[in-house]
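None of the figures in this text is laboratory data; all of them are computed from the coordinates on show. None of the values given here were measured: they were computed from a predicted structure. When we count neighbours, we look across all protein chains shown, and the Cβ atoms used for this are built from the backbone with ideal geometry, even at glycine.
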Amino acid sequence: MLLLAFVVGIIGGTYGIGGGAIIAPFCVAVFHLPVYTAAGAALLGTFLTSIVWVFFYSVLPAAGGASTSPDWALGFCSAPAGSRACTSTRGLRVGKRADTVSSSV
């Protein structure tokens, strides 16, 4: 899995796409993980990566003295969209339970 993550990081960095778009389908198809597990792992990875890079952009100065500080106002305006992503993961959990209940009836 570590080798897979390394390769996905190289491919994602080269093409400028998120690694979750590559690794989640691979985990579902090859490792037979449930979709809700792969989606949750991709969301967690995105969240952790975002937190780390917000810290680095806040602390490290840019070359030439340009400001790299995050646009906090834009971030707070975008917070409801992030909240919606959290509620959609809860919906996945509820859907999983509902599917289990309906198939046992």
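Couple of notes before you dig in:
- The stretch 13-43 residues near the modelled Ala66 label - backbone nitrogen below 19 Å, point 7 Å along Cα→Cβ: 16
- Each residue, Leu3 and Val59, gets one label point 7 Å from its Cα in the Cβ direction; the gap between the two is 3.4 nm.
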